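The values are calculated or read from the model by the stated rules, or taken from the named source; none is laboratory data. A quick note: this is a predicted structure, and the numbers were derived from the prediction, not measured. Positions of Cβ are backbone-derived with ideal geometry, glycine not excepted, and every protein chain shown enters the neighbour counts.
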Amino acid sequence: MINMKMKNIKWSFLLILGLLGISITSCVDEPNAYKIAGGTPTISYIRPVSVLSKDSLLVEAPMNSTICIVGNNLRSIVGIEFNDKPAVLNTSYMTDHTMIVTVPNTIPNKISDKIYLITSGNDTIPYDFKVVVPPPTITSLSNEFALPGEEVSIAGDYFLDYDNAPLTIQFGDKYVLDRSYIKEITKNRITFKVPQDAPYGKMSVTSNFGKTVAPFRFHDNRGMLFDFDHPCFTGTVLGNHGWHARTIQSDETSLSGNYLVLGNADLDDKTWNDGSFSFEYWAGNWGDPEAYADYPRLTEVGDFTDWENKSLKFELLIPSANPWSAAPMQIIFTGVDKVSTSGAGVKDIYGNTLAGANNTFFHSGDGWGRALYMPWKNTGSFDTQDKWMTVTIPMTEFNKYWDGNPAKKTFSSTADFASLTIFVCTGSENDKTAIPAGTKCHPIFKIDNIRIVPNK
């Protein structure tokens, strides 16, 4: 018994010694362990990390890129900043003469175009180096037809404004918006008032990091289909031309003259109220549908060539007192082979057989594509806060059937853009729908400046 205990003690002692030996060895046998050194760091040059590019010298680098700093006494560095943003030091990639570091992926608050080396003695050594921040990105203008004095906002990214490099907004080629009109600048939004003398046309935003031309134009009349004020080339002001006559009016809320009104009636997911919620423009004359004398095909009014790279745009006002919370706005372009004012079975002057007035094209089961616009689906309710806003729908998004499922058929040629129908309703096939459930509402839709424009 005693011998057994002695053996256990012996083995335990040997085990402890073995563990201690391992511990001691691991502590003393690390000749390459990182140690902070003294001296003043200097940078000779900066190069890419890749060995294949080691002979290339860098004077700038994008955010979140990795670079190699070459110099002396680099192990005396305990911190490094690019402009005023600290970078992470990884001592595994630091020697006296080289250091691999990733440029911070955060926007600097102050631009100095310098690297700052911070030493163990709390000294700061500057070195000229520029962090490349992306130029502004512009996605939209809240109201492309805004009137002078109205407050609008540009949405995008990298709207960076500095005291020594202020951000600017430009209309056309020469008109720079006076700073007094700008209300607020954030990284993703610029809010400003429209000046009285701002020229129509292209817009651009310039920051310290570059200039970007907007993909839209201010008061863009290209491809105007319906402004409800001015006649087209036939001498006719295009508007209602189908089974229903929607209100077209002007009042104190007008954006630019007349506008179209839909709704002002109860709406839910089961509502089929084309008498209040449908606007139709079906090409052709009632008495002479095949000639298109007064009511041309929309392809003769706007340019639908290269439609894949264009968008449908219009201005929309939904009063805050009449929000929208059910059913999508179904926006449907069709050829005369699907719908026309009349003349079913008659051939037009181009040899196309007219479909005549009908609503079977709307839900015929052939899966004809259209856009489903329903901004309420994420918030439950939507209005424009009593302001006009620009709606942009890429033509490539005319890819849904009326029940919300993917369309089976879509545009194949410009002939598919002869007529336009807008109807707010929830579609279903076999008593089923893929459209999100809404809640009963009493919305009013004010619509103006329906147009087809290039995406860029």
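Data overview
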| read-out | value |
| --- | --- |
| Out of Gly365, Gly380, sole residue that is surrounded by fewer than 17 Cβ atoms within 10 Å (Cβ to Cβ), at pLDDT 90 or above, of a type in the set (Gly, Ala, Ser) and on the phi > 0 side of the Ramachandran plot | Gly380 |
| Search result, residues across segment 180-200 that are part of a helix (DSSP H, G or I) and surrounded by 12 or more Cβ atoms within 10 Å (Cβ to Cβ) | Tyr181 |
| Members of segment 299-311 found to be of a type in the set (A, V, I, L, M, F, W, C) and either loosely packed, with under 15 Cβ neighbours inside 10 Å or within 12 Å of Pro454 (Cβ to Cβ) (or both), listed by number | Phe304, Trp307 |
| Unique residue being surrounded by 19 or more Cβ atoms within 10 Å (Cβ to Cβ), aliphatic (A, V, I, L, M) and touching a helix residue (DSSP H, G or I) at 6+ places or on another chain (Cβ under 8 Å) when the list is Ile447, Ile422, Ile452, Ile435 | Ile452 |
| Every residue from segment 397-426 that is more than 26 Å from Gly284 (Cβ to Cβ) and in contact with a Phe, Trp or Tyr (Cβ under 8 Å, 6 or more places away or on another chain) | Lys408 |
| Checking Trp272 against (1) in contact (Cβ under 8 Å) with a residue 40 or more places away in the chain; (2) surrounded by fewer than 20 Cβ atoms within 10 Å (Cβ to Cβ); (3) in a strand (DSSP E or B), the condition it does not meet | (3) |
| Near pairs, Cβ below 9 angstrom, 6+ apart or cross-chain, from segment 86-104 (farther than 13 Å from Ile43 by Cα and of a type in the set (Phe, Trp, Tyr)) to any residue that is surrounded by fewer than 17 Cβ atoms within 10 Å (Cβ to Cβ) and at pLDDT 95 or above | Tyr93/Ile100 |
| Pairs, first farther than 22 Å from Ile452 by Cα in segment 314-325, second surrounded by fewer than 19 Cβ atoms within 10 Å (Cβ to Cβ) and of a type in the set (D, E, K, R), C-beta under 6 Å, six or more apart | Pro319/Asp386; Ser320/Asp386 |
| Number of positions in segment 346-378 that are in contact with a helix residue (DSSP H, G or I) (Cβ under 6 Å, 6 or more places away or on another chain) and assigned to a loop (DSSP other than H, G, I, E, B) | 0 |
| Scan of segment 302-321 for residues that are over 30 Å from Thr253 (Cβ atoms) and in a loop (DSSP other than H, G, I, E, B), ordered by number | Asp303, Phe304, Thr305, Asp306 |
| Ile115 closer than 17 Å to Val205 by Cα and among the hydrophobic types (A, V, I, L, M, F, W, C) | no |
| Yes/no for Leu89 being surrounded by fewer than 19 Cβ atoms within 10 Å (Cβ to Cβ), of a type in the set (A, V, I, L, M, F, W, C) and within 30 Å of Asp197 (Cα to Cα) | no |
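Results for (1) within 30 Å of Leu316 (Cβ to Cβ); (2) assigned to a strand (DSSP E or B), shown as yes or no for each residue.
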{"site": "Ser92", "(1), (2)": "no, no"}
{"site": "Ile100", "(1), (2)": "no, yes"}
{"site": "Ile111", "(1), (2)": "no, no"}
{"site": "Ile115", "(1), (2)": "no, yes"}
{"site": "Gly121", "(1), (2)": "no, no"}
{"site": "Thr139", "(1), (2)": "yes, yes"}
{"site": "Glu144", "(1), (2)": "yes, no"}
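Here is a yes/no grid of residues against (1) in contact with a Ser or Thr (Cβ under 9 Å, 6 or more places away or on another chain); (2) among the charged types (D, E, K, R); (3) under 26 Å from Ile444 (Cβ atoms):
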{"site": "Lys183", "(1), (2), (3)": "yes, yes, no"}
{"site": "Asp197", "(1), (2), (3)": "no, yes, no"}
{"site": "Asn208", "(1), (2), (3)": "no, no, no"}
{"site": "His230", "(1), (2), (3)": "no, no, yes"}
{"site": "His244", "(1), (2), (3)": "yes, no, yes"}
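Every residue, every condition in (1) at pLDDT below 95; (2) polar (S, T, N, Q), yes or no:
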{"position": "Ile69", "(1), (2)": "no, no"}
{"position": "Leu89", "(1), (2)": "yes, no"}
{"position": "Val103", "(1), (2)": "no, no"}
{"position": "Lys110", "(1), (2)": "yes, no"}
{"position": "Lys114", "(1), (2)": "no, no"}
{"position": "Asn122", "(1), (2)": "yes, yes"}
{"position": "Asp173", "(1), (2)": "yes, no"}
